[in-house]
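All of the numbers you see were taken from the coordinates with simple rules; none came from a lab. Keep in mind the model is a prediction, meaning the values are calculated, not measured. With ideal geometry, Cβ positions are generated from the backbone for all residues, glycine too; neighbour counts draw on all protein chains shown.
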């Protein structure tokens, strides 16, 4: 899975599209997170859900909590973006707390426009 460069040199993970949704909770959570208007994408890094033959980067589904790592779009307070993500994931969390980590910020003009299109359309 290829990613796009973020502002601080991190990468934005490509999202799972509706067509690629396998019914796995991590896939549904990834789709909900990338649907948030102030999220440029899921962060690539050690936080991931490991499935047979693939990973869902930026999402960890645990028995006691859901953890999400995102790349935020510049311009809105990070606490508001985190709350936006929590609200999107809450219906899928089964009562578990949703911990949101902002790993990077996508700045206007840093290539975020193409990354944003890839996140929204599943292309890239």
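Can you tell me how much longer the chain between residue 62 and residue 110 gets when fully stretched, taken as 0.36 nm per residue apart minus their C-alpha distance, in nm with one decimal?
Going from the current span to full extension adds 13.9 nm.
Mind running the shape call on the range 16-94? Use the C-alpha gyration tensor, a ≥ b ≥ c as the square roots of the eigenvalues: rounded below 1.5 for a/c, prolate if a/b tops b/c, oblate otherwise.
prolate
Order these by the 10 Å Cβ neighbour count, fewest first: 47, 42.
With the sparsest Cβ surroundings first, the list reads 47, 42.
Could you line up 62, 96 from fewest to most neighbouring Cβ atoms inside 10 Å?
Neighbour counts put them in this order, fewest first: 62, 96.
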